[in-house]
Amino acid sequence: MCGITGFVTNKYTEQEKDQQITKMMDRIIHRGPDSSGKFIDQGVALGFRRLSIIDLKGGSQPIFNEDDSKAVVFNGEIYNFQELRAELIEKGHIFSTKADTEVILHGYEEYGADIVKKLRGMFSFAIWDREKQELFGARDHFGIKPFYYYQGKDSFLFGSEIKSFLDHPDFVKEVNPRALKPYMTFQYPATDETFFKNVYRVPEGHYFYVRNGKAEFTQYWDATFTEEKMTEEEAIDRIDKAVQESVNAHLISDVKLGTFLSSGVDSSLVTAISRPNYTFSIGFGDKTYNESHEAKKLTERLGLRNFSKLVTSEEAFYAFPEIQYHLDEPSSNASCVPLYFLAQLASEQVKVVLSGEGADELFAGYTNYGFETHSKVVRVFAQGLKKLPKKSRYHLAHTFKKMPNFHGRLHLYESLAPAEEFFIGQAFVFGEEEAKGYLQPAYQKSESVHEIVEKQYKKVPDLPEVKKMQYLDVHQWMPKDILLKADKMTMAHSLEARTPLLDVRLMEVAETIPVKYLINSKNTKYAFRKAANRHLPDEWADREKLGFPVPIKDWLHEEQFYKEVRSVFEADFVSDFFDQEKILELLDKNFRQEVDGRRKVWTIYAFLVWYKVYFVDEKIPTSTYERAM
């Protein structure tokens, strides 16, 4: 796990490029404190920060091919690199290291752009061809590793984190005015263009070439959800076998490795299969917000060591500017906070952790995929209605939508309606028109929520509704929220996080599982839980996860934290973005408990803290906890 950065340009001297790339590398030193490397050529500068995981002595980058005509910088892990290495050696390639990085370079020599289709892992990388003076780059199938680019007038910038662009003379730092309104609904940066104007993400499952300063992108992979005929037991067997294989494939490491462990089935299953020497859990003290108690019970049953920490409200709240700095873009996903401290805890013992991301998207673990949590009668009734022909289901859904409200009406509608009509993913904060009412005119224009999700839905019009929702989450929620925070919060502490439940080989199995074994009247993630039951005590496989609970509700009702938030809401710059009087009224009413506006307040607060860090203070924040005490 490392950090990469660089730029393609013919504008500067070699000395100037060297100075520029050094500053860019220094910005992301947290991604790779062990060593660094750079390469300057006529049309490019490549920079690399290393966190040593594989081939500790010989894996420094950039790495060159046999005749030094090509150089690669790489961030990630390739889990099938040993078999690819053997294949390439047989074809005559000469390796100078034992690192997984080198298979990408020789693989590109041998297969061209098709090398990306052979890689199993998480990656973002860039290869410079000195003879052609062109750059080839790619991002992994799911977007586990971040990769950004900026198309300037004279330079093409790329890197693992946007902050590495800040010191380049061709980078113009501006807020993207079209990012704020969708963010207020989704809670994360939902558009293809980031919160920094003209900075974009390399899309997941894509590679690109930069020729003559211009980038061209090609999609090399996409999820292809189908539905094969199989029995329940066959589904469970397939999932169990694939999960075990994936977890074992993700254990390759030359340094100490552990697992994140919560009370939920996903991290518990990864831990039960991998049996690491280190497990890590976090909590906020109160039982309502503390998963570490249940995690401790599981490690005792499995005979494993558990390291846990109780984070105080003061620690968590006052670390928030640091968290927003490391995220690069604003996010009001409250789980960023405990994840930041969990990564900090783990980094004291290990360099690599396995985490549980991905299972909910691959195996339908979210209740809003169609699982009624309050009424079994409604749940069973809805499952029966789902067997109707599509046309009848849709007609009945619209009937329920128009009826006077009754218990279960909304669930029945969403169980039967086209996913495109109601499902935008796993977060919904402000309604679209409501968000517009809080914003100044300059920030009211953007893609609509419908336009954002429609990009994905139009690719899969004939899938079952549950699989449509999964597909949307794979391309929206997962890379722009879940995976982004997982990478940024762990790398903030120089810790590599791996996601064995989000793997291209495991996905090949997940895609084929019938909906009835994914989610039904009995549970979400049904067959996956049954597979987990083979490795976990019974009560663990069916346990409802708390989902990194964070006491934001409590914080915003405590005078100490309310005053801190209010001081930010009162700042002069705030009126550039928001109707300042209106957001202060929302904050005050929430404090007086006249409304429950915690998620809305926190979403606005996260953006303002991010903006203050990057555009007002313009310095790397450090925790204000000591000052507050």
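Quick test for you: out of Gly303, Gly365, Gly356, pick the one residue that is open to solvent by 10 Å² or more (accessible area, probe 1.4 Å) and under 23 Å from Val429 (Cβ atoms). Of Gly303, Gly365, Gly356, the one residue that is open to solvent by 10 Å² or more (accessible area, probe 1.4 Å) and under 23 Å from Val429 (Cβ atoms) is Gly365.
Pairing residues of segment 207-223 that are on the phi > 0 side of the Ramachandran plot with residues that are surrounded by 15 or more Cβ atoms within 10 Å (Cβ to Cβ), at Cβ distances under 8 Å and at least 6 apart in sequence or on separate chains, gives Gly213/Val8; Gly213/Thr9; Gly213/Ser155; Gly213/Phe156. Of the residues that make up segment 395-408, is at least one in contact with a Lys or Arg (Cβ under 7 Å, 6 or more places away or on another chain), surrounded by 12 or more Cβ atoms within 10 Å (Cβ to Cβ) and without any contact (Cβ under 8 Å) to a residue 40 or more places away in the chain? Checking segment 395-408: at least one residue is in contact with a Lys or Arg (Cβ under 7 Å, 6 or more places away or on another chain), surrounded by 12 or more Cβ atoms within 10 Å (Cβ to Cβ) and without any contact (Cβ under 8 Å) to a residue 40 or more places away in the chain. Identify the residue in segment 428-448 that is of a type in the set (A, V, I, L, M, F, W, C) and open to solvent by 20 Å² or more (accessible area, probe 1.4 Å) and, among all such residues, is farthest from Thr524 (Cα to Cα). Among those residues, the one meeting the criterion is Ala442. With respect to the conditions (1) touching a Ser or Thr at 6+ places or on another chain (Cβ under 7 Å); (2) at pLDDT 85 or above, Thr373 falls short on a single one, namely (2). Scanning segment 151-186 for residues that are open to solvent by 10 Å² or more (accessible area, probe 1.4 Å) and either in contact with a helix residue (DSSP H, G or I) (Cβ under 6 Å, 6 or more places away or on another chain) or among the basic types (Lys, Arg) (or both), we see that the one that is nearest to Val429 (Cα to Cα) is Lys181. The set of residues in segment 203-229 that are open to solvent by less than 20 Å² (accessible area, probe 1.4 Å) and either within 28 Å of Thr512 (Cβ to Cβ) or among the aromatic types (Phe, Trp, Tyr) (or both) comprises Gly205, Phe208, Ala223, Phe225.
A count restricted to segment 441-466 and to residues that are over 23 Å from Phe371 (Cα atoms), part of a helix (DSSP H, G or I) and either of a type in the set (A, V, I, L, M) or touching a helix residue (DSSP H, G or I) at 6+ places or on another chain (Cβ under 6 Å) (or both) stands at 4. Scanning segment 22-44 for residues that are crowded, with 21+ Cβ neighbours inside 10 Å and either among the charged types (D, E, K, R) or more than 15 Å from Trp128 (Cα to Cα) (or both) yields Met24, Met25, Arg27, Ile28, Arg31, Gly32. Of all residues in segment 550-593, those satisfying the criterion of being outside any helix (DSSP H, G or I), open to solvent by less than 50 Å² (accessible area, probe 1.4 Å) and closer than 25 Å to Pro182 by Cβ are Val550, Leu556, Ala571, Phe577, Phe578.
Exactly one residue out of His106, His93 is touching a His at 6+ places or on another chain (Cβ under 6 Å) and closer than 24 Å to Ala249 by Cα, and it is His106.
Listed here are the residues, each with its yes/no results for (1) assigned to a helix (DSSP H, G or I); (2) within 20 Å of Gly47 (Cβ to Cβ).
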residue: Lys153; (1), (2): no, no
residue: Leu157; (1), (2): no, yes
residue: Ser164; (1), (2): yes, yes
residue: Phe171; (1), (2): no, yes
residue: Thr191; (1), (2): no, no
residue: Glu228; (1), (2): no, no
residue: Glu245; (1), (2): yes, no
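Using the structure shown, decide if Val350 is among the hydrophobic types (A, V, I, L, M, F, W, C) and more than 22 Å from Leu483 (Cβ to Cβ). So Val350 fails the test. Listed by position, the helices (runs of 4 or more DSSP H) enclosed by segment 277-370 that each have at least 1 residues that are over 30 Å from Tyr471 (Cβ atoms) and without any contact (Cβ under 8 Å) to a residue 24 or more places away in the chain are 292-302. Yes or no: segment 467-487 includes at least one residue that is small (Gly, Ala, Ser), closer than 15 Å to Phe186 by Cα and either in contact with a Ser or Thr (Cβ under 8 Å, 6 or more places away or on another chain) or not in a helix (DSSP H, G or I) (or both). The answer is no; no qualifying residue exists.
The values are calculated or read from the model by the stated rules, or taken from the named source; none is laboratory data. Just so it is clear, the model here is predicted, and its values are computed rather than measured. Positions of Cβ are generated from backbone atoms using ideal geometry, with glycine treated the same way; all protein chains shown enter the neighbour counts. Note: accessible area is taken over every heavy atom of the protein model, side chains too, but ligands, DNA and RNA are not part of it. Shrake-Rupley method; radii C 1.70, N 1.55, O 1.52, S 1.80 Å.
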